[in-house]
1. For Leu119, work out the one condition from (1) in a helix (DSSP H, G or I); (2) at pLDDT below 90; (3) in contact with an Asp or Glu (Cβ under 9 Å, 6 or more places away or on another chain) it doesn't fulfil.
2. Within region 132-166, count every residue that is open to solvent by less than 70 Å² (accessible area, probe 1.4 Å) and basic (Lys, Arg).
3. Quick one: Asp340 ticks every box in (1) touching a strand residue (DSSP E or B) at 6+ places or on another chain (Cβ under 7 Å); (2) in contact (Cβ under 8 Å) with a residue 60 or more places away in the chain; (3) away from the ligand (no atom under 16 Å from the Cβ) bar one, so which box is it?
4. For region 332-346, which residues satisfy the criterion of being in contact with a helix residue (DSSP H, G or I) (Cβ under 8 Å, 6 or more places away or on another chain) and at pLDDT 90 or above?
5. Can you say whether Glu328 is open to solvent by 60 Å² or more (accessible area, probe 1.4 Å), away from the ligand (no atom under 12 Å from the Cβ), at pLDDT 95 or above and charged (D, E, K, R), as far as the supplied structure shows?
6. For region 161-184, does any single residue satisfy the condition of being assigned by TED's automatic domain parsing to the domain that holds Leu330, under 20 Å from the mean Cα position of the chain (by Cα) and within 13 Å of the ligand (Cβ to nearest atom)?
7. For the structure I just gave you, tell me whether Tyr276 is open to solvent by 50 Å² or more (accessible area, probe 1.4 Å) and of a type in the set (Ser, Thr, Tyr).
8. Looking at (1) away from the ligand (no atom under 13 Å from the Cβ); (2) surrounded by 13 or more Cβ atoms within 10 Å (Cβ to Cβ), which is the only condition Gln202 fails?
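The values are calculated or read from the model by the stated rules, or taken from the named source; none is laboratory data. Keep in mind it's a predicted model, so treat the numbers as computed, not measured. With ideal geometry, Cβ positions are generated from the backbone for all residues, glycine too; neighbour counts draw on all protein chains shown. Surface areas here come from the heavy atoms of the whole protein model, side chains and all, with no ligands, DNA or RNA. Shrake-Rupley method; radii C 1.70, N 1.55, O 1.52, S 1.80 Å.
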Amino acid sequence: MATNDPTTQTLAQLGDGTPEKVVARFDGVRHEFDERAAGASSDPETWKSFVVQWTGRKSGVLSQITDNWLKPAPPELKKAVGQELNKLKAHVEAVLEEKCKQIEAGAEQAAAARGQIDLSLPGVEHAIGTRHLIYQTYQELERIFLSIGFSVVEGPEIETPYYNFEALNIPEHHPARDNMDTFYIHGARGGHLLRTHTSPMQIRTMEKEKPPVRIIVPGKVYRRDNPDSTHGYMFHQIEGLAVDADITFCDFKGTVEYFVREFLGPKAKTRLRPSYFPFTEPSAEVDATCHVCGGSGCRVCKFSGWIELFGAGMVDPAVYGFVKYDPEKLSGFAFGMGVDRLAMMKYGVTELPVLTQNDVRFLRQFP
Ligand code: DAH
């Protein structure tokens, strides 16, 4: 096979390099794709296998790049690789879609010419689905953090008390356990539980990986709340953790402010209010100026001008003890956001249950 075969190109590791080299490698792949797409046969079967070769979930070129380039990329190249991969994906999708249209139109014309299609029949309308509001919000949050070098990891929804509580500096009988009405599995306190937050993945990640760590963790969490217009037994969170040799409170504040401006718009201001979480010290609630009135006061912000967004803080040194990190050499920050809350706030949704009822009249409002 030729050396510029996309499969051999992307199976090889990206290796060390500079962002410029990364761009050059991606340019190579893009060029290769363009050439092949232009010359691709429009015979339906051949075309299908061409599409699979590039976008197939398991071994398509795009998946290979994710596995072989993006995942093992060193932290300093992650951002460049992520950005280039997104660009390439968008390009490949657009070209494939255009070509698909051409092929379909060609096939229809050919059939019409053979007299097999009655072109005067009205067309069949296809109902087009939309991404769920929660999913769209996750995508938006991930976009923001991926663009500043975080990567996405996921973890189990069934946890042990050790990861959900102890290793996060919440020992047995700590009052913080009562605030998180927990679903225990098999009724046994020592056994398993449904995670009450995504924070356990802080511990699991630090146990497995050496610093620097820069992760976000999207996922479902569960609490024994009485369902009402703002509470359910399940909701969605996104956790964040950054640990490195000399991360300061300034880095924390800068990241939070960047996030708020990206999420709510360039005019949004941020305020940190002292708070308490067992696994961060100091801890803060992050508020932003109300997105509806801009801070002058309205019904949405209860005339305070501010909206509470999420909890965060500098990682408590006690937590490092559980994962054998040296608190003398390392520091970092963490945050945990309620995705349903953020989505409701940003899109003006007032009832939490509509997010899980899947009423198409609601879903269609967020194309
Ligand atoms: N785990 C907390 C909760 O569910 C949210 C949270 C607060 C997470 C502060 C953090 C943090 O990582 O630093 O209520």
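1. Exception for Leu119: condition (1).
2. Residues meeting the conditions: 0.
3. (3)
4. Here is the first cut: in region 332-346, the ones in contact with a helix residue (DSSP H, G or I) (Cβ under 8 Å, 6 or more places away or on another chain) are 333-335, 337, 339-340, 342-344, 346.
Phe333, Ala334, Phe335, Met337, Val339, Asp340, Leu342, Ala343, Met344 - these are the residues of region 332-346 that are in contact with a helix residue (DSSP H, G or I) (Cβ under 8 Å, 6 or more places away or on another chain) and at pLDDT 90 or above.
5. Numbers: open to solvent by 60 Å² or more (accessible area, probe 1.4 Å): yes; away from the ligand (no atom under 12 Å from the Cβ): yes; at pLDDT 95 or above: yes; charged (D, E, K, R): yes.
Yes.
6. Initially, region 161-184 is screened for residues assigned by TED's automatic domain parsing to the domain that holds Leu330, giving 161-184.
Within this subset, residues satisfying the condition of being under 20 Å from the mean Cα position of the chain (by Cα) are none.
No, the conditions are met nowhere in region 161-184.
7. Working: open to solvent by 50 Å² or more (accessible area, probe 1.4 Å): yes; of a type in the set (Ser, Thr, Tyr): yes.
So Tyr276 fits the description; yes.
8. Every listed condition holds for Gln202 apart from (1).
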